[in-house]
Amino acid sequence: MKKYQLEIFCFEAKICDEDFNWVDLSQLGLPEELIRKMSETGIVEMQNNNVRSDQIGRIYKALRLRQNLGINLAGAGVILDLMEEMESLREEIKRLKREFF
């Protein structure tokens, strides 16, 4: 039988001068250097020592791709972008179906 470990991270988002919520890197419980590498590869957007709260899911998805499939960060970024594009296209198809049928 396989054993799985689930870790839940709680953090408090703060609102900056833009319309995004930003989370301090220290609240994520991940190495800051790793998040900075993700920022350099375009997986997440960083500002000072903060990451956009709407991109935290991308961070953990990239980590799962890396850990479970051995994909490097650049590859994970491409996969995440393609997954988001697919979801956007699915939503567009649903909208068009509702509109025409």
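Structure notes:
- Conditions (1) modelled with pLDDT of 90 or more; (2) crowded, with 16+ Cβ neighbours inside 10 Å; number of the one not met by R98: (2)
- Number of residues in region 53-97 that are touching a helix residue (DSSP H, G or I) at 6+ places or on another chain (Cβ under 7 Å), over 10 Å from I43 (Cβ atoms) and among the basic types (K, R): the value is 1.
- With respect to the stated conditions, S88 fails to be in contact (Cβ under 8 Å) with a residue 40 or more places away in the chain and on the phi < 0 side of the Ramachandran plot.
- Taking every residue in region 17-35 that is modelled with pLDDT of 90 or more and pairing it with any residue that is among the aromatic types (F, W, Y), at least 6 positions away or on another chain, the pairs with Cβ-Cβ distances below 6 Å are V23/F11; Q27/F11; G29/F9.
- Region 20-61 - residue that is assigned to a helix (DSSP H, G or I) and among the charged types (D, E, K, R) and, of those, surrounded by the most Cβ atoms within 10 Å (Cβ to Cβ): R58
The values are calculated or read from the model by the stated rules, or taken from the named source; none is laboratory data. Quantities reported herein were computed from a predicted structural model and do not represent experimental measurements. Ideal geometry is used to build each Cβ from the backbone, glycine not excepted, and the neighbour counts take in all protein chains shown.
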